[in-house]
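Peer 1: Got a structure here, written out as structure tokens. Questions coming.
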Amino acid sequence: MRFLANALEKAQPEGFVRTFVDNGEPMRLLLERLRPEGGARKEYILALLAAFGGQGKGSASQPLVEPMSERELEILRLLADGLSNQEIARRLVISVGTAKSHVHHILGKLGSDSRMQAVAKARELGLL
């Protein structure tokens, strides 16, 4: 429990969620055990527990652990249209590196290994 408390202390300022949620039910149970403690960490723990699909603000309406930004949704639509990173960059007047970064975040948030898989999952979740 001491290691988990230390991990929470380090993760909270960055707002990490998936780091904990991706570890599934065992992690949820450990977080439940830490929950009685008060303070700012309690709010963070409650937010993490909500991300597991439990009770919490907006958890029922959020299909993703980490919701996508408007820009990511825009890029996701362009991915669905089959655009490359260069084409996305040109269309949105951003650098190719920025486009790649957004695509990387989108893949991570959707838990996908490829653009096609991400688009399919986004359609399944009603994001497209």
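Peer 1: Given N residues in the chain, what is Rg(Cα) / (2.2 N^0.38 Å)? Don't skip to the answer; put the middle values down first.
Peer 2: Values: Rg = 17.0 Å, N = 128, 2.2 N^0.38 = 13.9 Å.
Against the empirical 2.2 N^0.38 Å value, I get 1.22 for the chain.
Peer 1: How high is the relative contact order of the chain, in percent, counting Cα pairs under 8 Å that sit 6 or more residues apart?
Peer 2: Relative contact order here is 17 percent.
Peer 1: Given the -39500 (n - 2.57) contribution per DSSP H run of 4+ residues, what per-residue ellipticity at 222 nm results for the chain, rounded to the nearest 500 deg cm²/dmol?
Peer 2: Helix-only estimate at 222 nm: -18500 deg cm²/dmol.
Peer 1: Taking the chain as the reference, fit the longest principal axis to its C-alpha atoms, fit the long axis of helix 70-80 to the helix C-alpha atoms, and give the angle between the two in degrees, 0 to 90, nearest 10.
Peer 2: Helix 70-80 sits at roughly 50 degrees to that axis.
Peer 1: Ok, one more. Taking the 0 to 90 degree range and rounding to the nearest ten, how far is the long axis of helix 2-11 tilted relative to the main principal axis of the chain, both from C-alpha atoms?
Peer 2: On a 0 to 90 degree scale, this one is about 40.
Peer 1: Figure the gain on full extension for LEU73 and ARG18 (residue separation times 0.36 nm, minus the Cα-Cα span) and round it to one decimal in nm.
Peer 2: Difference between extended and current length: 17.9 nm.
Peer 1: Taking the alpha-carbon distance from LYS42 and a cut-off under 14 Å, which aspartates and glutamates remain once sequence neighbours fewer than 8 residues away in the same chain are dropped?
Peer 2: Filter leaves GLU9, GLU32.
Peer 1: Another one. Provide the per-residue ³J(HN,Hα) series for segment 115-128, in order, calculated from phi with Karplus coefficients 6.51, -1.76, 1.60 and θ = phi - 60°, each as a whole number of Hz, with x at glycine and proline positions.
Peer 2: Each residue's phi maps through the Karplus curve to give 4, 4, 5, 5, 5, 4, 5, 4, 5, 4, 7, x, 7, 10 Hz.
Peer 1: Got a sec? How would LEU29, LEU48, LEU110 order by Cβ neighbour count within 10 Å, fewest to most?
Peer 2: Least crowded to most crowded, the residues run LEU29, LEU110, LEU48.
Peer 1: Let me ask something else. When the chain is modelled as a GNM with alpha-carbon springs shorter than 10 Å, which of GLU70, GLU32, GLU43 fluctuates the most?
Peer 2: GLU70
Peer 1: Report the full-extension gain for the segment THR98 to ASP81: residue separation times 0.36 nm, less the Cα-Cα distance, to one decimal in nm.
Peer 2: Value of the extension gain: 4.3 nm.
Peer 1: Here's a follow-up. How big is the Cα convex hull of segment 70-124 in projection, averaged over all directions, in nm²?
Peer 2: If I average the Cα hull's projected area over directions, I get 3.2 nm².
Peer 1: Let me ask another. In degrees between 0 and 90, to the nearest 10, how far off the longest principal axis of the chain does helix 24-34 point, with axes built from Cα atoms?
Peer 2: 40 degrees
Taken together, the values in this text are just the output of simple stated rules run on the coordinates, not laboratory data. Bear in mind the structure is a predicted one, so any value in this text is a computation, not a measurement. For neighbour counting, all protein chains shown are included, and Cβ atoms are generated from backbone atoms with ideal geometry for every residue, glycine included.
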